[in-house]
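Enquirer: Would you mind keeping the following structure in view while I ask a few things?
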Amino acid sequence: MMDESQTQIDGQPPYVEGLNESQLEAVEATDGPVLVLAGAGTGKTRVLTTRLAHILATGKAFPGQVLAVTFTNKAAQEMKERVASILNQPSVERWWLGTFHAIAVRMLRAHAEKVGLGSDFAIIDTDDQLRLVKQLLKENNLDDKKWPPKSVLGAIQRWKDRGQTPEHVSASEAKEFAGGRIHGIYKSYQQRLRELNACDFGDLLLHTLVIFQTHTDVLADYHRRFHYILVDEYQDTNVAQYLWLRLLAQGHQNVCCVGDDDQSIYGWRGAEVGNILRFEKDFPGAKIVRLERNYRSTGRILAAASSVISHNEGRLGKTLWTDDDEGEMLRVRGLWDGEAEARFVGEEVEGLQRKGQKLDQMAVLVRTGAMTREFEERFLTLAIPYRVVGGARFYERLEIRDALAYLRLVNSADDSLAFERSIGKPKRGLGPAAMGVVHSYARQADISLFKAAREIVETDELRPAARKSMATFVSQVERWQSLKNDMPHSELADLVLEESGYLEFWQNDKSVEAKGRVENLRELINALGEYENLAEFLEHVSLVMDTNNQTGQDMVSIMTLHGSKGLEFETVFLPGWEEGLFPNQRAMDEQGLKGLEEERRLAYVGLTRARKRAIISFAANRRMHGSWASAIPSRFVDELPHEHIERESDRGIYSAPLEPSYGGFGSGKWQDNDRGTPHRSSPGMQRARSYSSGDSQLVRKAAQKVSESKSGFSRGERVFHQKFGYGLVAAVEGERLTISFDKAGSKKVLSNFVVPAEQAGM
């Protein structure tokens with residue numbers, strides 16, 4: 001396999017030079033099942049590639065006898081190039097090295113007839129899948145508004161990801177969708193695909209699974225073929241991939257899975273962390289090799305990441321370490337609100353840039369896509385070039401553009417482009433013919449599309465159903481316009497999105513991205529609250545869009561924590577570490593402990609993206625869904641080791657030692673910091689001051705109370721909060737109080753934001 005120039009040195013081949021002890025152990029443990037637990041930054045890719053090269057170079061197998069599976073085409077190509085370089089091979093194109101789907105389609109084409117397909121079957125895309133589902137809903141007399149095709153297709157895909165054919169879907173599962181008739185639709189969907197000699201991406205693995213399970217001779221042939229199996233990112237496998245691999249590995253049992261249970265963060269798209277956790281049960285006698293030496297981050301960053309992830313129960317366990325310096329302390333910064341947080345990050349970026357750090361070595365990692373807006377706007381204000389990685393900039397996102405079209409139409413009825421976009425989303429039964437009539441009349445009369453529609457609905461130009469639908473829309477727009485001067489513009493925008501059905505459209509959508517789109521729409525409402533009126537806001541958006549075409553390579557990266565996996569930066573900003581936001585409340589509500597532990601793995605991933613510097617922040621107040629809410633620091637802040645972090649806060653937020661609550665938060669003092677405090681004339685400070693009704697004495701007394709006591713409140717005590725007013729303490733947990741407010745309802749707040757009721761009037 002190797003040429004003569006690649007001679008061994010001191011008994012070791014040159015390609016293992018530089019490997020540490022654990023890495024070498026993982027490379028040379030070729031016989032039997034092996035699980036390589038590769039922590040972040042521990043050289044996983046090099047180990048996997050070198051192991052494959054070692055198997056081939058030592059003659060343990062020929063290229064066609066090794067199956068190597070990756071998760072992305074990029075990873076597969078990188079592995080091919082590295083192995084080819086090690087072995088001085090010109091090409092590895094025909095090797096069994098590729099993604100799950102690439103390998104599966106190769107197998108399926110060889111045995112397609114066993115599942116009723118021809119070897120030349122087509123692989124349909126999402127648009128074709130939706131078109132087929134729509135046809136089936138219509139044939140079954142099911143309302144596609146009540147049962148959106150995307151939702152039905154999503155259910156089918158989830159079953160395929162779990163390796164379930166229509167025959168394996170239980171009646172209890174099926175009854176949850178399409179009035180219990182989805183089982184028949186799934187069956188018809190599969191039958192229609194066979195008639196078309198086609199399959200979707202889920203079928204590539206599902207059909208291959210069926211072949212393995214029903215044609216033992218085919219499976220036995222692959223057992224004889226593959227002497228070794230290597231799998232990358234094993235923690236991200238779904239059930240179908242897991243079953244597929246387990247069947248193939250039953251042959252020689254020489255299966256090596258590389259992954260990190262602490263970085264399993266894709267449960268929302270079907271990944272099962274349990275696959276890697278049960279490896280030893282699936283393959284008795286398996287060897288476990290832990291890669292714990294990190295080559296990326298400083299000692300303090302690794303200590304912080306290890307401390308946080310140690311609170312998870314569902315893990316195999318490992319501790320990252322490094323020979324490098326401990327490095328800078330991690331900074332944890334408390335700020336007044338989200339606006340102050342964005343301003344703080346902007347100032348830090350400018351400061352680091354002045355010291356010579358390149359912008360492309362800085363990243364802002366947020367929990368949800370909706371959080372990018374405030375940082376985008378701050379960077380635009382400061383003229384800091386930035387890129388949104390893995391998605392469009394906030395105001396360029398589909399749902400935001402659609403919502404802006406509605407608001408533009410409310411602001412100006414003569415905006416024909418806005419009329420055309422908004423009337424079509426969501427669909428109102430107004431097809432090309434109806435819109436053609438409106439366009440034609442508008443041109444003839446030289447008026448806007450809205451004015452043309454308003455006149456046409458008084459005639460018989462349109463069919464009755466189309467006329468009724470258009471008349472309803474025109475009436476809605478006129479009503480919204482009539483409210484423009486009497487209703488706060490953020491409330492009006494909320495009303496428009498509700499009454500138009502656009503928000504409900506995304507709330508009912510079951511696609512993976514739908515929840516994020518709803519969050520983005522809510523964030524749009526938040527953005528409106530920062531401007532005097534609707535016209536001012538729309539003008540601001542126009543200016544932002546006009547300056548968004550930045551060029552050049554040196555830019556700060558803004559991305560979600562999910563999108564950051566596999567990347568690394570000198571400096572990482574981790575904003576929004578607040579309960580309910582991160583860990584995400586919806587994830588915990590839907591998944592319980594499982595959801596919380598995946599959120600904690602996200603925190604681990606975020607921390608380990610940083611090479612030298614990690615800066616965590618949280619806000620005491622955050623605008624959510626158009627209204628202000630008090631926030632408390634994330635439990636993940638509590639789980640950071642106090643000896644490796646520096647705490648600082650804007651004046652008055654955390655000015656005294658706090659009683660430990662979840663297990664570490666408040667250990668030591670929070671340093672007051674004037675830098676980054678909202679300017680007295682800023683919108684953030686103006687809003688904050690409005691909560692106290694101008695009573696600065698009350699604020700001073702609240703701060704004095706915090707400095708003189710730790711909590712001092714008890715259940716049933718009547719208290720006063722600057723924003724929420726009077727209420728009764730319902731529960732006390734360290735410095736965290738649950739208070740039933742007279743007007744605002746039940747809220748969780750920190751004790752330093754309240755004073756006893758009798759002091760409020762002093």
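Enquirer: For residues that are on the phi < 0 side of the Ramachandran plot and small (Gly, Ala, Ser), tally how many sit in the stretch 12-26.
Expert: 2
Enquirer: Something else about it: If you go through the stretch 292-311 one residue at a time, do you hit one that is touching a Phe, Trp or Tyr at 6+ places or on another chain (Cβ under 9 Å) and charged (D, E, K, R)?
Expert: yes
Enquirer: Looking at (1) in contact with a strand residue (DSSP E or B) (Cβ under 7 Å, 6 or more places away or on another chain); (2) crowded, with 17+ Cβ neighbours inside 10 Å; (3) farther than 20 Å from Asp638 by Cα; (4) acidic (Asp, Glu), which is the one condition that is false for Glu568?
Expert: Tallying (1) in contact with a strand residue (DSSP E or B) (Cβ under 7 Å, 6 or more places away or on another chain); (2) crowded, with 17+ Cβ neighbours inside 10 Å; (3) farther than 20 Å from Asp638 by Cα; (4) acidic (Asp, Glu), Glu568 fails exactly one: (2).
Enquirer: Same structure again: Just wondering, is there one or more residues in the stretch 168-176 that are within 30 Å of Asp221 (Cα to Cα), of a type outside the set (Gly, Ala, Ser) and either in contact (Cβ under 8 Å) with a residue 60 or more places away in the chain or open to solvent by 40 Å² or more (accessible area, probe 1.4 Å) (or both)?
Expert: There is at least one residue in the stretch 168-176 that is within 30 Å of Asp221 (Cα to Cα), of a type outside the set (Gly, Ala, Ser) and either in contact (Cβ under 8 Å) with a residue 60 or more places away in the chain or open to solvent by 40 Å² or more (accessible area, probe 1.4 Å) (or both).
Enquirer: If I filter the stretch 268-288 down to residues being surrounded by 20 or more Cβ atoms within 10 Å (Cβ to Cβ) and not charged (D, E, K, R), which single residue comes out as nearest to Ala514 (Cα to Cα)?
Expert: Ala271
Enquirer: Scan the stretch 493-523 residue by residue and report those that are open to solvent by 30 Å² or more (accessible area, probe 1.4 Å), in contact (Cβ under 8 Å) with a residue 12 or more places away in the chain and not in a helix (DSSP H, G or I).
Expert: Passing the criteria: Lys510, Val512.
Enquirer: Can you find even one residue in the stretch 543-564 that is touching a His at 6+ places or on another chain (Cβ under 9 Å) and not in a helix (DSSP H, G or I)? If you could, list the steps in order and put the result at the bottom.
Expert: Our first condition is that a residue be touching a His at 6+ places or on another chain (Cβ under 9 Å); within the stretch 543-564, this holds for none.
No: zero hits.
Enquirer: Any idea which residue in the stretch 189-211 is least open to solvent (accessible area, probe 1.4 Å), counting only those that are over 13 Å from Thr165 (Cβ atoms) and not hydrophobic (A, V, I, L, M, F, W, C)? If you could, list the steps in order and put the result at the bottom.
Expert: The initial filter retains those residues of the stretch 189-211 that are over 13 Å from Thr165 (Cβ atoms), namely 192, 195-198, 200-201, 204.
Filter once more, so that each one left must be not hydrophobic (A, V, I, L, M, F, W, C): 192, 195, 197, 200.
Details: Arg192: 57, Glu195: 124, Asn197: 40, Asp200: 1 Å².
Only one residue fits best here, namely Asp200.
Enquirer: Look through the stretch 727-758, keep the residues that are modelled with pLDDT under 85 and of a type in the set (D, E, K, R), and return whichever of them is farthest from Trp628 (Cα to Cα).
Expert: Once the filter is applied, the top-ranked residue is Glu758.
Enquirer: Could you please find all residues in the stretch 221-242 being within 26 Å of the chain's Cα centre (by Cα) and either open to solvent by less than 30 Å² (accessible area, probe 1.4 Å) or at negative phi (or both)? Talk me through it step by step, then tell me what you get.
Expert: Residues of the stretch 221-242 that are within 26 Å of the chain's Cα centre (by Cα), as a first pass: 231-242.
Correct list: Val231, Asp232, Tyr234, Gln235, Asp236, Thr237, Asn238, Val239, Ala240, Gln241, Tyr242.
Enquirer: Mind telling me which of the residues Ser649, Ser617 ends up being closer than 30 Å to Glu530 by Cα, at pLDDT 90 or above, hydroxyl-bearing (Ser, Thr, Tyr) and not in a helix (DSSP H, G or I)?
Expert: Checking each option against the conditions leaves just Ser617.
Enquirer: Could you look through the stretch 119-146, keep only residues that are hydrophobic (A, V, I, L, M, F, W, C) and open to solvent by less than 30 Å² (accessible area, probe 1.4 Å), and pick out the one that is nearest to Met107 (Cα to Cα)? Let's see the steps before the verdict.
Expert: Within the stretch 119-146, the first condition is being hydrophobic (A, V, I, L, M, F, W, C), and the residues that meet it are 121-124, 130, 132-133, 136-137, 142.
Going one step further and asking which of them are open to solvent by less than 30 Å² (accessible area, probe 1.4 Å), we end up with 121, 124, 130, 132-133, 136-137, 142.
Numbers: Phe121: 13, Ile124: 18, Leu130: 26, Leu132: 26, Val133: 27, Leu136: 30, Leu137: 32, Leu142: 37 Å.
The qualifying residue nearest to Met107 (Cα to Cα) is Phe121.
Enquirer: Additional query: Under 9 Å between Cβ atoms, which residue pairs at least 6 apart in sequence (or on different chains) link something in the stretch 380-398 that is touching a residue at least 40 places away in the same chain (Cβ under 8 Å) with a partner that is of a type in the set (Phe, Trp, Tyr) and open to solvent by less than 40 Å² (accessible area, probe 1.4 Å)?
Expert: Leu380/Tyr386; Pro385/Phe379; Tyr386/Phe375; Tyr386/Phe379; Val388/Phe394; Arg393/Tyr386
Enquirer: Given the structure, is Glu350 in contact (Cβ under 8 Å) with a residue 60 or more places away in the chain and not in a loop (DSSP other than H, G, I, E, B)?
Expert: Numbers: in contact (Cβ under 8 Å) with a residue 60 or more places away in the chain: no; not in a loop (DSSP other than H, G, I, E, B): yes.
Judged against the criteria, Glu350 is not a match.
Enquirer: In the stretch 425-470, how many are without any contact (Cβ under 8 Å) to a residue 12 or more places away in the chain, more than 27 Å from Gln507 (Cα to Cα) and assigned to a loop (DSSP other than H, G, I, E, B)?
Expert: Total meeting the criteria: 5.
Enquirer: Please pick out the residue among Leu330, Leu365 that is of a type in the set (A, V, I, L, M, F, W, C), touching a Gly at 6+ places or on another chain (Cβ under 7 Å) and buried (at least 24 other Cβ atoms within 10 Å of the Cβ).
Expert: Leu365
Enquirer: Looking only at the stretch 89-104, which residues are under 20 Å from His223 (Cβ atoms) and out of contact with any Gly (no Cβ under 9 Å at 6 or more places or on another chain)?
Expert: Leu97, Gly98, Phe100, Ile103, Ala104
Enquirer: Conditions first: (1) closer than 16 Å to Gly202 by Cα; (2) in a helix (DSSP H, G or I). Leu117 passes all but one, so which condition is the exception?
Expert: Of the numbered conditions (1) closer than 16 Å to Gly202 by Cα; (2) in a helix (DSSP H, G or I), the odd one out for Leu117 is (2).
Enquirer: How many residues does the stretch 479-492 contain that are open to solvent by less than 70 Å² (accessible area, probe 1.4 Å) and assigned to a helix (DSSP H, G or I)?
Expert: Qualifying residue count for the region: 6.
Enquirer: While we're on this one: Got a number for residues in the stretch 294-315 being touching a strand residue (DSSP E or B) at 6+ places or on another chain (Cβ under 6 Å) and surrounded by fewer than 18 Cβ atoms within 10 Å (Cβ to Cβ)?
Expert: 0
Enquirer: Shifting gears a bit: Looking only at the stretch 404-417, count every residue that is more than 30 Å from the chain's Cα centre (by Cα), buried (at least 21 other Cβ atoms within 10 Å of the Cβ) and over 15 Å from Asn485 (Cβ atoms) and tell me the total.
Expert: 1
Enquirer: So if I check each of Trp321, Trp336, which one is open to solvent by 40 Å² or more (accessible area, probe 1.4 Å), in contact with a strand residue (DSSP E or B) (Cβ under 7 Å, 6 or more places away or on another chain), under 20 Å from Glu530 (Cβ atoms) and not hydroxyl-bearing (Ser, Thr, Tyr)?
Expert: Trp336
Enquirer: Another question, if that's okay. Only one of (1) under 30 Å from Gly516 (Cα atoms); (2) at pLDDT below 90; (3) touching a helix residue (DSSP H, G or I) at 6+ places or on another chain (Cβ under 6 Å) is not met by Lys427, so which one is it?
Expert: Here Lys427 clears every test but (3).
Enquirer: Among the residues of the stretch 580-589, are any under 16 Å from the mean Cα position of the chain (by Cα) and acidic (Asp, Glu)?
Expert: no
The values are calculated or read from the model by the stated rules, or taken from the named source; none is laboratory data. Every value quoted in this text rests on a predicted model; they were computed, and no experiment measured them. All Cβ positions, glycine included, derive from the backbone under ideal geometry; neighbour counts span all protein chains shown. Note: areas computed on protein heavy atoms with side chains; ligands, DNA, RNA excluded. Shrake-Rupley method; radii C 1.70, N 1.55, O 1.52, S 1.80 Å.
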